[in-house]
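Below is one structure, written out as structure tokens; comments come after it.
The values are calculated or read from the model by the stated rules, or taken from the named source; none is laboratory data. If you're wondering where the values come from, they're calculated on a predicted model, not measured in any experiment. Here the Cβ positions follow ideal geometry from the backbone for every residue, glycine too, while neighbour counts run over all protein chains shown.
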Amino acid sequence: MEKFALLTEWLRHLGIATPTNLIRPGKARTDVLSTAHCSDYIRRFSQNQLTSQELRRMGLPWSEGLVKRTLISPNGTLMAAHLALQHGIACHLAGGTHHAHYDFASGFCIINDLAVTAATLLAQGKVGKVLIFDCDVHQGDGTASILANETGAYTCSIHCDKNFPARKAKSDLDVSLAPNTTDADYIATVDTHLQQLLDDERPELVLYDAGVDIYTHDPLGLLNVSEQGICERDHLVLKHCRDKGIPVATVIGGGYDDDRKALAKRHAFVVEEAHKLFAQG
């Protein structure tokens, strides 16, 4: 949990996050969450009524604080998407909880903010096609499952094959990478598939999961991508979206490191690249 506060603090230190562009979301409405989740599941989680087996799968201890944060975070991604549609870019300093399924939590993920945002925007008629471009090291199984029958949402997951979840779901496009994949091959893979998807699918919005657990020393990653490689990935994803005039909203996705300050700085890369490309032209 500490990394989220450290991320905001670091971006303030850099002068990127300011009182004029830092916006705090409120709690998401139940009807919004229900666009992608079972309302009874949401109720049982909120009231601490999940079974011990469900809690084990969630991977987190239940608390009032967890409930509060869980019900706010998806609204941050939804707000970022709305802001991106207005301004071309917006970065949520959390989000990417892509293992949450329709009626159960998994892998530290309780509410799937990507699925909620895509389903809500499509239901509202704000967009006709959303591309979820998920570059977290783990497959976005929950997102793929929830949106499997949503024709307006295209799910792409570029992930390490030999990693969580053991049983993969079926995204519209899954790109599995071998363990120890290094910068050059990783960047080329991301670049090739993103350009093709932007040309073929012509999305009106991209939701970009900029997970930093691809980092070579991430304990849950298994890939061998450097910090420079992460920066290059974020730069090319945002630049392709900008050059094609497609709004893009980013979420931070996964990242695990006992050095929380170093981890927060890694999560800041995508915001720094957004600032360079959009704020400074």
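Values for this structure:
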{"quantity": "Residue that is farthest from E150 (Cα to Cα), among those in segment 26-61 that are assigned to a helix (DSSP H, G or I) and among the charged types (D, E, K, R)", "calculated": "R56"}
{"quantity": "L198 being surrounded by 24 or more Cβ atoms within 10 Å (Cβ to Cβ), outside any loop (DSSP other than H, G, I, E, B) and either in contact with a strand residue (DSSP E or B) (Cβ under 9 Å, 6 or more places away or on another chain) or not small (G, A, S) (or both)", "calculated": "no"}
{"quantity": "Single match in L122, L131, L114 (criterion: surrounded by fewer than 24 Cβ atoms within 10 Å (Cβ to Cβ), modelled with pLDDT of 95 or more, not basic (K, R) and not in a loop (DSSP other than H, G, I, E, B))", "calculated": "L122"}
{"quantity": "Residue match in segment 48-68 (condition: of a type outside the set (A, V, I, L, M) and in contact with a strand residue (DSSP E or B) (Cβ under 9 Å, 6 or more places away or on another chain))", "calculated": "yes"}
{"quantity": "Scan of segment 59-117 for residues that are under 16 Å from I42 (Cα atoms) and touching a Lys or Arg at 6+ places or on another chain (Cβ under 9 Å), ordered by number", "calculated": "K68, L71, I72, N75, F104, A105, S106"}
{"quantity": "Among residues of segment 42-73, those that are within 26 Å of R24 (Cβ to Cβ) and of a type outside the set (D, E), counted", "calculated": "20"}
{"quantity": "Residues satisfying the stated conditions in segment 209-257, i.e. crowded, with 24+ Cβ neighbours inside 10 Å, acidic (D, E) and within 19 Å of A178 (Cβ to Cβ)", "calculated": "D213"}
{"quantity": "Pick from segment 237-259, criterion part of a helix (DSSP H, G or I) and within 17 Å of the chain's Cα centre (by Cα), ranking: nearest to H138 (Cα to Cα)", "calculated": "V237"}
{"quantity": "From I23, I89, I72, residue being under 30 Å from L277 (Cα atoms), modelled with pLDDT of 95 or more and touching a Phe, Trp or Tyr at 6+ places or on another chain (Cβ under 6 Å)", "calculated": "I89"}
{"quantity": "Options T151, T143; residue that is at pLDDT 95 or above, crowded, with 17+ Cβ neighbours inside 10 Å, farther than 22 Å from I187 by Cβ and polar (S, T, N, Q)", "calculated": "T143"}
{"quantity": "Residue selected from segment 173-227 under the condition among the small types (G, A, S) and touching a Phe, Trp or Tyr at 6+ places or on another chain (Cβ under 9 Å), by the criterion nearest to A119 (Cα to Cα)", "calculated": "A210"}
{"quantity": "Cβ-Cβ under 8 Å pairs, at least 6 apart or on other chains, segment 208-226 side under 15 Å from P165 (Cα atoms), far side among the hydroxyl-bearing types (S, T, Y) and in a loop (DSSP other than H, G, I, E, B)", "calculated": "D213/Y256; L220/Y256; G221/Y256"}
{"quantity": "Test: residue in segment 260-276 that is surrounded by 16 or more Cβ atoms within 10 Å (Cβ to Cβ) and not in a helix (DSSP H, G or I)", "calculated": "no"}
{"quantity": "Contacts under 6 angstrom Cβ, first residue in segment 50-79 being farther than 13 Å from C109 by Cβ, partner in a helix (DSSP H, G or I) and small (G, A, S), 6 or more apart", "calculated": "V67/S46"}
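Each row is one residue, and each column tells you yes or no for (1) touching a residue at least 60 places away in the same chain (Cβ under 8 Å); (2) hydrophobic (A, V, I, L, M, F, W, C).
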{"residue": "L236", "(1), (2)": "no, yes"}
{"residue": "I252", "(1), (2)": "yes, yes"}
{"residue": "H267", "(1), (2)": "yes, no"}
{"residue": "K276", "(1), (2)": "no, no"}
